[in-house]
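Quick notes on the structure that follows.
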Amino acid sequence: MVLAATIRSARELVAQARSRGLSVGLVPTMGCLHEGHLALVRRARAECGFVVVSIFVNPLQFGPREDLAAYPRDLRRDLGLCEGAGADLVFSPEPAEMYSPGFRTHVEVEGLGRLLCGVTRPGHFRGVATVVAKLFNIVQPDRAYFGQKDYQQTLVLRRMAADLSFGLEIVVVPTVRHEDGLAMSSRNAYLGADERAAATVLFETLQLARELIASGERDGRRLRARLQENVEAQALARVDYVAVADPETLEPAAALSGTVLVALAVFIGRTRLIDNALISVPG
Ligand code: AMP
């Protein structure tokens, strides 16, 4: 496995792999890797001849009052995990390598990026789309791997890839969870012991949504209200949003049918966690 810190060296190493006839898979991450990230790397390893993992805490996707400076970083540990999961190249640039002083160009996926997480994190998906477009241009992968945990992100990036003709396949990998259901996340490291216990309210609320739909609930607004109550019953939790939505448009779902997206963003203490489920509605 090789580490590249510059765009130029990453491009050269990918070009060498291509000249050997290998297909290229890209797994974009912000580091502090866990089993969720590694599931993406292993999937890429199984499907591609040359696997690139990018590790870059992207300043563009953090708001002014968010946790950019505090975001956990441990490149040495991450490199060992990447190697163990079968990565060939880790691309880990400094911010100045990605954003030169005159940087002025952004990618905005209209509409989709303003709903759900976009309401309290304006500019977040613009930052994500911009950095991922750059990574797609640098690596030019055949396939790029993203986690379902960030469902809205997968939708925004699929739209971007289609609209800007990137000509690659976007692969979405199921959410990897701890035993008690909490979705793995780098931000779980912020949780104190009582907060860690309280954080299972997200998964429990998704389970409640499944149960209510299975027992016949078909009213999206009523379901949403029940789920919100369930989160609010946890004293350490504060709702950012609870959404029962169309999985393509992210607009609120009124009468439930087909597949519905239940998506949550919840502050546990000061840590904002997200989770979601795609639920098939019987009948
Ligand atoms: P991040 O480092 O948080 O930007 O995440 C990098 C990639 O890993 C994104 O595509 C995430 O959706 C994905 N990811 C993060 N956590 C998980 C998880 N628990 N299960 C599956 N994928 C995940």
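Taken over region 208-233, the criterion of being crowded, with 19+ Cβ neighbours inside 10 Å and either of a type in the set (D, E, K, R) or not in a helix (DSSP H, G or I) (or both) is satisfied by 224 alone. Filtered by the rule that a residue be part of a strand (DSSP E or B), more than 19 Å from the chain's Cα centre (by Cα) and closer than 18 Å to residue 166 by Cβ, region 1-49 gives a lone residue, 24. Restricting attention to region 172-193, the residues being open to solvent by less than 80 Å² (accessible area, probe 1.4 Å), within 10 Å of the ligand (Cβ to nearest atom) and not small (Gly, Ala, Ser) number 10.
Which condition number does residue 144 fail, the rest of (1) outside any strand (DSSP E or B); (2) open to solvent by less than 50 Å² (accessible area, probe 1.4 Å); (3) modelled with pLDDT of 95 or more being met? Answer for residue 144: the failing condition is (1). Here 104, 76 are screened, and the one residue that is outside any helix (DSSP H, G or I), of a type in the set (D, E, K, R) and open to solvent by 20 Å² or more (accessible area, probe 1.4 Å) is 104. The set of residues in region 122-153 that are of a type in the set (Gly, Ala, Ser) and within 14 Å of the ligand (Cβ to nearest atom) comprises 127, 129, 144, 147.
Here is a yes/no grid of residues against (1) surrounded by fewer than 18 Cβ atoms within 10 Å (Cβ to Cβ); (2) charged (D, E, K, R):
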{"position": "8", "(1), (2)": "yes, yes"}
{"position": "19", "(1), (2)": "yes, no"}
{"position": "28", "(1), (2)": "no, no"}
{"position": "36", "(1), (2)": "no, no"}
{"position": "50", "(1), (2)": "no, no"}
{"position": "54", "(1), (2)": "no, no"}
{"position": "61", "(1), (2)": "no, no"}
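Before we move on, is residue 114 surrounded by 13 or more Cβ atoms within 10 Å (Cβ to Cβ) and free of Cβ contacts under 8 Å to residues at least 12 places away in the same chain? For residue 114, the condition - surrounded by 13 or more Cβ atoms within 10 Å (Cβ to Cβ) and free of Cβ contacts under 8 Å to residues at least 12 places away in the same chain - is met.
Within region 38-48, track down each residue that is open to solvent by 20 Å² or more (accessible area, probe 1.4 Å), more than 8 Å from the ligand (Cβ to nearest atom) and not basic (Lys, Arg). The answer is 46, 47. Of the residues 119, 156, 109, the single one that is within 15 Å of the ligand (Cβ to nearest atom) and touching a residue at least 40 places away in the same chain (Cβ under 8 Å) is 156. Would a scan of region 239-251 turn up a residue that is in a helix (DSSP H, G or I), modelled with pLDDT of 95 or more and open to solvent by less than 40 Å² (accessible area, probe 1.4 Å)? Within region 239-251, not a single residue is in a helix (DSSP H, G or I), modelled with pLDDT of 95 or more and open to solvent by less than 40 Å² (accessible area, probe 1.4 Å). Modelled with pLDDT under 95 and basic (Lys, Arg) - does that describe any residue in region 14-25? Among the residues of region 14-25, not one is modelled with pLDDT under 95 and basic (Lys, Arg), which makes the answer no. Among the listed residues 205, 154, 130, identify the single one that is over 19 Å from residue 247 (Cβ atoms) and in a helix (DSSP H, G or I). Answer to the selection: 130.
Test residue 151 against the stated conditions and say whether it is at pLDDT 95 or above and farther than 19 Å from residue 273 by Cα. Judged against the criteria, residue 151 is not a match.
Considering region 161-171, the residues that are assigned to a helix (DSSP H, G or I) and more than 14 Å from the ligand (Cβ to nearest atom) include one that is most open to solvent (accessible area, probe 1.4 Å), namely 163.
Going through (1) at pLDDT below 95; (2) farther than 25 Å from residue 155 by Cα one by one, residue 103 falls short only on (1).
Hey, among 154, 130, 175, 120, which residue is β-branched (Val, Ile, Thr) and over 23 Å from residue 32 (Cα atoms)? Checking each option against the conditions leaves just 120. Being on the phi > 0 side of the Ramachandran plot and more than 16 Å from the ligand (Cβ to nearest atom) is a condition met by at least one residue of region 11-28.
The values are calculated or read from the model by the stated rules, or taken from the named source; none is laboratory data. The shown structure was predicted, so the numbers you read here are calculated from the model rather than taken from an experiment. Here the Cβ is made from the backbone with ideal geometry for all residues, glycine too, and neighbour counts use every protein chain on show. Surface areas here come from the heavy atoms of the whole protein model, side chains and all, with no ligands, DNA or RNA. Shrake-Rupley method; radii C 1.70, N 1.55, O 1.52, S 1.80 Å.
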